[in-house]
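Chemist: For reference, the structure I am asking about is given below.
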Amino acid sequence: MAYKSCVGIVLLCFVVLASSAVSKVTRKKPSNPPPRPTAAADPDAEITNSCPDDGFFADAEQCDKYYECRQGEIIEKLCPDGMVFNDYSPQEEKCDLPFNIDCSQRPKLQTPQPTMHCPRLNGYFSHEDPKECGIFYYCVDGKFNMITCPDGLVYNEKTGICTWPDEAKKKGCGAADVFAFDCPPVNETFGLTHPRYADPEDCQFFYVCINGNTPRRSGCKLGQAFDDVHKKCEWARKVPECADWYKGQLTDAELDALENPPTVKPKTSGSQPSRRKPMRPHKGKSAPAHEDDEE
């Protein structure tokens, strides 16, 4: 009877091995392999201690455990703590971040090996203080790097990146918690235009109210201010209430340079030799005579 292929059924033939997780990679066949079924048994229930194909296969229950099959030998392996096995191809041995892999069908994981700021040795993790919405840690082999999100963004535990508060949906880090701004009530039609409002504390910034009720903070470029009358960014000197906003931060000359950047003069054509080929006479006509030839 041909062996059932492991590919596509998340290593059905190794489900018995899934219960024998080890804390580190082992390089020997699992002990006490299960007995082979008799010929009368259901073919779909066949479990074997041999590999039907060479390659790398996910464990049926544990997301960071996988198997390497080589010439009929089964080698049980574990990803580094915090990583999970990417089973997109049986020909590739790859451990990946959990954000990139669906582990809902094999949710078990190895025992964590926590260090300072790192619940596991590898990965991205939230700050221990739930009120720190925009600070998180990137851990490699148990060593951490602290990362701060850009102003107005929140670390998203589901994606491992900084996103808007309403997208992160982190408890205590919603738009109302992060921004000292509430979108004014508007009718549904006007709300669909995502109206803009000036930041009451900072001339350079403004809020976009998504569907009229969810604030997202955005900003104008340096030297500009948000014009709350015309609802657009404008040079600060042209917005009366913000004309002096950059005083003490930028000089008048620096502001002028931002508003009127110097133009770069194009290079003259004579600065480089011409690449045009010399003119050739038209076919069937003689070249014009030189003055010396006419004498």
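Chemist: Once the other residues with Cβ under 11 Å from the Cβ of Asp54 are scored (Lys, Arg +1; Asp, Glu -1), what is the net sum?
Modeler: Local charge sum for Asp54: -2.
Chemist: Right, here's the next one. Can you give me the three principal axis dimensions of region 180-261 from its C-alpha atoms, in Å, biggest first?
Modeler: Principal axes ranked by extent give 45, 23, 18 Å for the Cα atoms.
Chemist: With r as the distance between the Cβ atoms of Lys238 and Val208 and R0 = 22 Å, compute the FRET efficiency 1/(1 + (r/R0)^6) and round to 0.05.
Modeler: The formula returns an efficiency of 0.55 here.
Chemist: Can I ask one more? Could you tell me the calculated FRET efficiency between Glu188 and Lys231, based on Cβ-Cβ distance and R0 = 22 angstrom, to the nearest 0.05?
Modeler: Approximately 0.70, to the nearest 0.05.
Chemist: Same structure again: Roughly speaking, what is the centre-to-centre gap between region 233-266 and region 84-150 when only Cα atoms are used, to the nearest Å?
Modeler: After rounding, the separation between the Cα centres reads 44 Å.
Chemist: Separate question: Counting Lys and Arg as +1 and Asp and Glu as -1, what is the net charge of the other residues whose Cβ lies under 12 Å from the Cβ of Pro130?
Modeler: -2
Chemist: Can you pull the one-decimal nm distance between simple spin-label points at Lys158 and Leu250, each 7 Å off the Cα toward Cβ?
Modeler: Going from the Lys158 label point to the Leu250 one covers 3.9 nm.
Chemist: What does a probe at Thr111 reach in region 140-159, counting residues whose amide N is under 11 Å from the point 7 Å along Cα→Cβ?
Modeler: none
Chemist: Another one. Applying the Karplus parametrisation 6.51 cos²θ - 1.76 cosθ + 1.60 with θ = phi - 60° to the phi angles of region 54-63, what ³J(HN,Hα) value in whole Hz is obtained for each residue in order, glycine and proline being reported as x?
Modeler: My calculation for region 54-63 gives 7, x, 10, 9, 6, 6, 6, 10, 10, 6 Hz in order.
Chemist: Continuing with this model, one more query. Exceeding 27 Å between C-alpha atoms, which entries from my cross-link table qualify? They are Lys170/Lys247; Lys77/Lys169; Lys94/Lys158; Lys221/Lys265; Lys108/Lys169.
Modeler: Result: Lys170/Lys247; Lys77/Lys169 exceed 27 Å.
Chemist: Under the Kirkwood approximation applied to all pairs of distinct alpha-carbon atoms, what is the hydrodynamic radius of region 112-178 in Å?
Modeler: After inverting the mean inverse Cα-Cα distance, the result is 11.9 Å.
Chemist: For region 43-190, how big is Rg over Rh, using alpha carbon atoms and the Kirkwood form of Rh?
Modeler: Rounded to two decimals, Rg over Rh is 1.15.
Readers should treat all values here as calculations from the given coordinates under stated rules, not as data from a laboratory. For clarity, every value in this text was computed on a predicted model and none was experimentally measured. For neighbour counting, all protein chains shown are included, and Cβ atoms are generated from backbone atoms with ideal geometry for every residue, glycine included.
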